[in-house]
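The values are calculated or read from the model by the stated rules, or taken from the named source; none is laboratory data. Because the structure is a prediction, the values reported are computed rather than measured. Glycine gets a Cβ as well: all are built from the backbone with ideal geometry, and neighbour counts include every protein chain shown.
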Amino acid sequence: MPTIRNYAPGSIIYFEGDKADEIYILQSGKVVLNYTAIDTGAEVNETISNGEFFGVKSAVGKYPREETAQVLAPSVVLVLSVEEFEQMVLKNFRVLIKMLKVFSNQLRRIGKAVREKLQQGEPKMPATELFNIGEYYFKQGKAEQAKYVYNKYLFYYPNGEFAETCKSRLKAIESGEFRIEQPPQPQIEETKPEEEIISAPSVETEQIETEEKPKTEKPVPEGIDVVKKFYEALSLFSQDKIQEAMEIYKNILEIKKFKDEATAQFAEKAQFELGRCYMKLNMFAEAIETFANFIKKFERSNLLKDALFNIGQCYESMENYQKAINFYQKVVNMPPKEAINTKAKKAIEEVQKKL
Amino acid sequence: MLEGFGDNLFEKYGKRFNPGEIIFCEYEPSNDFYLILSGNVRITKIVGNKEKTLDIMGPGDIFGEMAILEQQPRSATVIAQTEVKVLVFNRENFELILQSNPQMALKLLKIFCKRIYDAKRQLMILTLDGDEYRVADVFVMMAEKQGVKLDSHTKVEIKLTPEEIANMCAIPLDNCLKVLKQYAKLGKIDLLDNKVIVNNIAEFARIVHNKRKLIKK
């Protein structure tokens, strides 16, 4: 049963470093939490409001208290065991979700701080690292896993540095030329290690490849289906199913000839949306490339300003503020004066604050 | 199958994987997270050209949950060990599903509490200046995780490779090896292939503690 405790001013409910097994709700009075901020080393005093929980994280996560809870005015506190706390929040979904949000915000903040510190060590390129994992599996003779990783690489970075290598590796796996545990051959390894493992594609393997094409490429039927597919992808995007949406946009972009002008417009839209997908996945370099291609391919598009604006946003997210401003400025300067021009102007003002 | 999850939920959000199949791969962009309904998965990471198993998870476990917070690339690879059935969530359907499964929301809450602590602890290591202090603090943190009392003069086995320690300290591997060799030379640790034996954890706890006190001033 939850119990009620009364505390006099000056008393301590728990000390930093104490074993944590109780959770508290302040019913009335004044309680502050004292702790040292990890990154700045500053002393922090956090006042608990009436009705607020405290001591949750350490009790639920089963680690020592990270702060000292000090009573400043006569206070009434409801004390719960971890089990009682769990029963209580299970019955009160809104409280549970609210806590989840508060904690996820904290986690996001700390996670970001950790990453910033870690990146000071050595920056890692996700694209390169993804490829390296494929290489690891490939060299271990784990064909299925290698295939998965190479395909993912080609999906996310079709024009990436290692795209060609991925393709030839996949070909090697498909043709069965791929051998488990390739013994190292020193002389050749120094010059051309890749080709040695893959071996040149024979006529036979090329035939197999053409036969298999329809299966792997999933051509999008012409006409009405392109439109339907496009809207399906938009809907997937709004449901946060970004990868699935990207797949459709990429399929649309592979079509060489459209049945009419109206349908061809969807290639333009798909290219733009693909850029937005990359943005959503925080793959800013890829997003910028996609939008830049968009601008090159569809220079008369009425989404031109949006594409420039988005590039600005990508640079802003990458903390390349000068470039961000340059792109926003392009939007501002571009007639006619529309809502997006004003938006770009405001964006510049925001970025300048960060400089 | 996990109790309380009807077939209709699986129809809508379910996915099936065969043994050996990759569910997602380290460094892949992330967007969704998973609840295991049946079967086991292996969480792995490739460190220094070796595949290391970090954890095995089974029915009721959640993985990839960091994707709801931030779309950072995946930090580990998940491979199906047996035939695996999972529910796939993303930010969109997340709250909806939690609503019908408060137990799962609670589970997530617990994971977050642990994660916050772990992240804070790691940040504490990184606020120390000097490679030797960071390495010492990794030992202390690992001892804490094993529930070892920090004032006890005991041996502690740290199951980490030099690469992993270097990663946790955000220092180059060479620097890390230099520090480890120095500690080994002084007889404070034994350096083995895949692990480090700390001879007296209290000593390292004191080194770190004093360094922190200095920062505070």
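If we scan the stretch B:66-76, do we find a residue that is small (Gly, Ala, Ser) and touching a strand residue (DSSP E or B) at 6+ places or on another chain (Cβ under 7 Å)?
yes
Those residues that are away from chain A (no Cβ under 13 Å) and assigned to a helix (DSSP H, G or I), I need them from the stretch B:132-150; list them, please.
Passing the criteria: B:Glu132, B:Tyr133, B:Val135, B:Ala136, B:Val138, B:Phe139, B:Val140, B:Met142, B:Ala143.
Take B:Ile79 and decide whether it is within 24 Å of B:Asp193 (Cβ to Cβ) and touching a residue at least 24 places away in the same chain (Cβ under 8 Å).
No, not satisfied.
A quick yes/no check of all residues on (1) more than 20 Å from A:Arg94 (Cβ to Cβ); (2) in contact (Cβ under 8 Å) with a residue 24 or more places away in the chain:
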| residue | (1), (2) |
| --- | --- |
| B:Phe94 | no, yes |
| B:Lys107 | no, yes |
| B:Lys110 | no, no |
| B:Leu123 | yes, no |
| B:Asp131 | yes, yes |
| B:Arg134 | yes, yes |
| B:Val138 | yes, yes |
| B:Ser152 | yes, yes |
| B:Val156 | yes, yes |
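Out of all the residues in the stretch B:19-48, which are closer than 22 Å to B:Lys159 by Cα and touching a Lys or Arg at 6+ places or on another chain (Cβ under 9 Å)?
B:Glu26, B:Thr44, B:Lys45, B:Ile46
I'd like the full set of residues that are at the interface with another protein chain (Cβ under 9 Å from one of its Cβ atoms) and either surrounded by fewer than 17 Cβ atoms within 10 Å (Cβ to Cβ) or part of a helix (DSSP H, G or I) (or both), limited to the stretch A:65-91.
Of the residues in the stretch A:65-91, the ones at the interface with another protein chain (Cβ under 9 Å from one of its Cβ atoms) are A:66, A:86, A:89-91.
Answer for the stretch A:65-91, where residues must be at the interface with another protein chain (Cβ under 9 Å from one of its Cβ atoms) and either surrounded by fewer than 17 Cβ atoms within 10 Å (Cβ to Cβ) or part of a helix (DSSP H, G or I) (or both): A:Glu86, A:Val89, A:Leu90, A:Lys91.
Given the conditions (1) modelled with pLDDT of 70 or more; (2) within 10 Å of chain B (Cβ to nearest Cβ); (3) under 26 Å from A:Glu319 (Cα atoms), and given that A:Glu161 satisfies all but one, which numbered condition is not satisfied?
(2)
What are the residues in the stretch B:19-70 that are more than 14 Å from every other protein chain (Cβ to nearest Cβ) and among the small types (Gly, Ala, Ser), if any?
Residues satisfying the conditions are B:Ser38, B:Gly39, B:Gly58, B:Gly60.
Looking at (1) away from chain B (no Cβ under 14 Å); (2) surrounded by 11 or more Cβ atoms within 10 Å (Cβ to Cβ); (3) modelled with pLDDT of 50 or more, which is the only condition A:Asp260 fails?
Going through (1) away from chain B (no Cβ under 14 Å); (2) surrounded by 11 or more Cβ atoms within 10 Å (Cβ to Cβ); (3) modelled with pLDDT of 50 or more one by one, A:Asp260 breaks only (2).
Within the stretch B:168-208, track down each residue that is within 14 Å of chain A (Cβ to nearest Cβ) and either without any contact (Cβ under 8 Å) to a residue 60 or more places away in the chain or among the basic types (Lys, Arg) (or both).
The answer is B:Met168, B:Cys169, B:Ala170, B:Ile171, B:Pro172, B:Leu173, B:Asp174, B:Asn175, B:Cys176.
Quick check: is even one residue across the stretch A:264-281 charged (D, E, K, R), within 14 Å of another protein chain (Cβ to nearest Cβ) and either in a helix (DSSP H, G or I) or within 21 Å of A:Leu234 (Cβ to Cβ) (or both)?
Among the residues of the stretch A:264-281, at least one is charged (D, E, K, R), within 14 Å of another protein chain (Cβ to nearest Cβ) and either in a helix (DSSP H, G or I) or within 21 Å of A:Leu234 (Cβ to Cβ) (or both), which makes the answer yes.
Is one or more of the residues making up the stretch A:218-229 among the small types (Gly, Ala, Ser) and modelled with pLDDT of 85 or more?
no
Identify all residues within the stretch A:16-48 that are without any contact (Cβ under 8 Å) to a residue 24 or more places away in the chain, under 23 Å from A:Pro74 (Cβ atoms) and hydroxyl-bearing (Ser, Thr, Tyr); write none if there are none.
A:Thr47
As an exercise: evaluate B:Asp129 against (1) away from chain A (no Cβ under 11 Å); (2) buried (at least 18 other Cβ atoms within 10 Å of the Cβ); (3) not in a helix (DSSP H, G or I) and give the number of the one condition it does not meet.
(2)
For residues that are more than 30 Å from B:Glu164 (Cα to Cα) and in a loop (DSSP other than H, G, I, E, B), scanning just the stretch B:76-106, find the one that is nearest to the chain's Cα centre (by Cα).
Of everything passing the filter in the stretch B:76-106, B:Asn90 is nearest to the chain's Cα centre (by Cα).
With the requirement that a residue be in contact (Cβ under 8 Å) with a residue 60 or more places away in the chain and either in a loop (DSSP other than H, G, I, E, B) or over 18 Å from the mean Cα position of the chain (by Cα) (or both), what does the stretch B:158-167 give you?
Listed by number, the list holds a single entry, B:Thr161.
Would you mention how many residues in the stretch B:35-62 are at pLDDT 85 or above and assigned to a loop (DSSP other than H, G, I, E, B)?
5
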